[in-house]
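**Q** Once you've had a glance at the structure underneath, I'll fire off some questions.
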Amino acid sequence: MRATRRASLASFAAVAALAVPALVVGSPGTASAASDTAAAEVQCTGFTNVSLGGDWYLHVPSAGSGNYNCVVVRGMKGLPVLVVQESLNACFDQNIAEDRDFGPATEQAVRNAQTQINNNWHSHVVDVDGRFGPITSSYFHFQAYDYSNGQNGRHTGVCYY
């Protein structure tokens with residue numbers, strides 16, 4: 001079991017507010033409609049590097065710079081899926097392939113994370129539906145990276161939410 005330290009939502013929000021400008025990384029044509037409902041929603045097309053101060057940062061799925069009002073759902077492929085998969089493994093002790101393909105294993109891992117989130121808050125704060133949307137994102141634990149820790153940054157062993 002991987003040991004991680006977790007920061008508070010207030011800490012993340014305070015640091016995220018300072019993250020201007022944020023670096024946006026996307027991959028064209030990676031989102032596909034998973035259902036009629038998902039087709040009406042804005043799909044995440046990449047991720048934003050959210051600064052935590054110093055050389056530390058998070059990858060957070062987004063649809064443009066700082067637009068986190070988007071979804072990552074079953075049937076999607078690409079970088080936003082990879083970001084979710086990496087944090088599911090690092091921060092929620094899931095054991096899924098980091099293959100950029102949001103299939104049944106990733107969907108179940110998101111459900112597991114949503115259940116953990118509700119248990120951590122001792123309340124129903126997110127729907128356990130296997131969909132990574134804006135509400136799940138606001139409670140989700142993201143792994144932190146460090147630019148000074150190897151080529152292109154490496155995971156720090158810390159997860160923030």
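**Q** Given the structure, is V25 in a strand (DSSP E or B) and either closer than 17 Å to A144 by Cα or at pLDDT 95 or above (or both)?
**A** Values: in a strand (DSSP E or B): yes; either closer than 17 Å to A144 by Cα or at pLDDT 95 or above (or both): yes.
The answer is yes for V25.
**Q** Does any residue of region 136-156 turn out to be touching a strand residue (DSSP E or B) at 6+ places or on another chain (Cβ under 6 Å) and without any contact (Cβ under 8 Å) to a residue 40 or more places away in the chain? Walk me through it before giving the result.
**A** First, the residues of region 136-156 that are touching a strand residue (DSSP E or B) at 6+ places or on another chain (Cβ under 6 Å): 141-146, 153, 155-156.
Still in the running and without any contact (Cβ under 8 Å) to a residue 40 or more places away in the chain: none.
No, every residue in region 136-156 fails to be touching a strand residue (DSSP E or B) at 6+ places or on another chain (Cβ under 6 Å) and without any contact (Cβ under 8 Å) to a residue 40 or more places away in the chain.
**Q** Can you name the residue in region 51-61 that is in contact (Cβ under 8 Å) with a residue 60 or more places away in the chain, touching a Phe, Trp or Tyr at 6+ places or on another chain (Cβ under 6 Å) and under 13 Å from G153 (Cβ atoms) and, of all such residues, is surrounded by the most Cβ atoms within 10 Å (Cβ to Cβ)?
**A** So the residue we want is L58.
**Q** When you scan region 146-161, do you find a residue that is under 17 Å from C44 (Cα atoms) and not β-branched (V, I, T), even just one? Steps first, please.
**A** Looking only at region 146-161, we keep the residues that are under 17 Å from C44 (Cα atoms), and these are none.
The answer is no, given that none of the residues of region 146-161 is under 17 Å from C44 (Cα atoms) and not β-branched (V, I, T).
**Q** Next question. When only residues in region 62-82 that are assigned to a strand (DSSP E or B) and under 11 Å from the mean Cα position of the chain (by Cα) count, which is surrounded by the most Cβ atoms within 10 Å (Cβ to Cβ)?
**A** Applying the first criterion (assigned to a strand (DSSP E or B)) to region 62-82 yields 62, 71-72, 77.
Narrowing further to those that are under 11 Å from the mean Cα position of the chain (by Cα): 62, 71-72.
On the way: S62: 26, V71: 22, V72: 29.
Only one residue fits best here, namely V72.
**Q** Out of (1) over 12 Å from the mean Cα position of the chain (by Cα); (2) surrounded by fewer than 16 Cβ atoms within 10 Å (Cβ to Cβ); (3) at pLDDT 95 or above, the odd one out for I135 is which?
**A** All conditions pass for I135, except number (1).
**Q** Within region 62-104, how many residues are over 18 Å from I117 (Cα atoms) and not aliphatic (A, V, I, L, M)?
**A** Residues flagged as over 18 Å from I117 (Cα atoms) and not aliphatic (A, V, I, L, M) within region 62-104 amount to 20.
**Q** So which residues in region 83-96 are under 9 Å from the mean Cα position of the chain (by Cα) and buried (at least 19 other Cβ atoms within 10 Å of the Cβ), if there are any at all?
**A** Of the residues in region 83-96, the ones under 9 Å from the mean Cα position of the chain (by Cα) are 83-88.
V83, V84, Q85, S87, L88, listed by residue number.
**Q** Within the group Q85, Q94, which residue is more than 23 Å from Y147 (Cβ to Cβ), modelled with pLDDT of 95 or more, among the polar types (S, T, N, Q) and outside any strand (DSSP E or B)? Steps first, answer last, please.
**A** Details: Q85 fails: more than 23 Å from Y147 (Cβ to Cβ).
Unique residue meeting the criteria: Q94.
**Q** For region 97-138, which residues satisfy the criterion of being out of contact with any Lys or Arg (no Cβ under 7 Å at 6 or more places or on another chain), among the basic types (K, R) and not in a helix (DSSP H, G or I)?
**A** Once the filter is applied, which keeps residues that are out of contact with any Lys or Arg (no Cβ under 7 Å at 6 or more places or on another chain), among the basic types (K, R) and not in a helix (DSSP H, G or I), region 97-138 yields only R131.
The values are calculated or read from the model by the stated rules, or taken from the named source; none is laboratory data. Given the structure is predicted, the values throughout are model-derived calculations rather than measurements. Ideal geometry is used to build each Cβ from the backbone, glycine not excepted, and the neighbour counts take in all protein chains shown.
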